[in-house]
Ligand code: COA
Ligand code: ZN
């Protein structure tokens with residue numbers, strides 16, 4: 001494999017993860033998790049979203065969370081917005097970066113943000129104007145890039161045309177999102193090899209969900225294509241409330257464990273991250289999908305059973 005030396009992970013658990021939790025997570029607990037993630041060395045955190053509070057009631061405390069987190073130098077704090085109203089709220093709340101959302105398929109875009117793709121792009125033009133006034137970079141995510149739960153296949157030409165519109169509007173980065181875990185590694189390679197060379201200077205992110213256990217293979221395929229930014233969720237929290245069948249993002253600590261095992265650096269303290277994951281399990285009150293918290297790291301050693309020890313050949 002051709003791997004890079006370093007990748008940058010953006011933690012999205014407090015947004016993509018918490019947004020589907022049915023019971024309201026106390027604002028203090030959200031703030032605690034963001035602070036713990038930053039202390040574990042996460043370079044980027046998508047803290048929350050500035051969307052309609054009736055649509056995603058869990059994140060109705062976005063302003064308060066942004067106002068009360070401890071800002072660690074070295075961590076970049078972002079929030080997701082669907083429109084200019086969200087961008088104004090995010091800028092006023094002091095985000096470092098604005099993340100936007102629209103889908104590559106019409107039906108998912110309508111289900112998620114109640115707009116056609118053309119209407120969303122007009123709103124994103126207004127988002128860019130707000131961001132420019134506040135001197136904030138904008139990273140644009142494209143949901144259902146690798147398939148839509150309503151429409152099935154999404155043509156790569158459609159993805160390319162949306163990327164072009166976003167780049168023309170002034171996007172600094174583009175996030176290709178596998179919203180419901182439909183992508184496979186060969187497809188990821190095909191899509192990335194198609195779009196990446198056409199837009200030099202754009203920072204690419206792959207946003208994965210592990211719905212069908214293909215997230216890490218997809219990330220490895222993307223690394224081989226030159227992508228170095230990945231979204232993930234602590235514990236594997238997550239899912240899209242407006243995409244049937246969606247489940248959690250790739251688990252941050254599982255991804256970091258995999259990368260570190262292959263000498264790909266992330267700047268993140270894995271043991272610290274595992275401790276945060278345990279705390280998040282306590283907060284949401286259930287076991288999360290992450291594997292490393294259950295299995296331990298791959299260098300974990302167990303005591304040799306006595307019967308086996310008795311028969312081990314003695315070293316001379
Ligand atoms: N934050 C808070 N309120 C907002 C808002 C935002 N970002 N955007 C719009 N509103 C308010 C408007 O001010 C208006 O309020 P009013 O009725 O008091 O005048 C009302 O919402 C309706 O505005 P409209 O533009 O018609 O919005 P809508 O009802 O069509 O909803 C979205 C569109 C995008 C705001 C809504 O679908 C949404 O928030 N979606 C986010 C979904 C999401 O987070 N998905 C998960 C991420 S992948
Ligand atoms: Zn997602």
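The values are calculated or read from the model by the stated rules, or taken from the named source; none is laboratory data. Since the structure is predicted, the reported quantities are computational estimates derived from the model, not experimental observations. All Cβ positions, glycine included, derive from the backbone under ideal geometry; neighbour counts span all protein chains shown.
Restricting attention to segment 132-141, the residues that are touching a helix residue (DSSP H, G or I) at 6+ places or on another chain (Cβ under 6 Å) and either within 16 Å of ligand 2 (Cβ to nearest atom) or in a helix (DSSP H, G or I) (or both) total 1.
The number of residues in segment 75-89 that are out of contact with any helix residue (DSSP H, G or I) (no Cβ under 8 Å at 6 or more places or on another chain) and more than 16 Å from ligand 2 (Cβ to nearest atom) comes to 2.
Counting only residues that are over 11 Å from the mean Cα position of the chain (by Cα) and either more than 28 Å from residue 110 (Cβ to Cβ) or within 14 Å of ligand 1 (Cβ to nearest atom) (or both), segment 223-246 holds 13 of them. Candidates are the residues of segment 156-206 that are within 20 Å of residue 128 (Cα to Cα) and assigned to a strand (DSSP E or B); the one that is nearest to ligand 1 (Cβ to nearest atom) is 175.
The helices (runs of 4 or more DSSP H) found entirely in segment 214-290 that carry 3 or more residues being under 22 Å from residue 38 (Cα atoms) and at pLDDT 95 or above are 252-261, 270-284.
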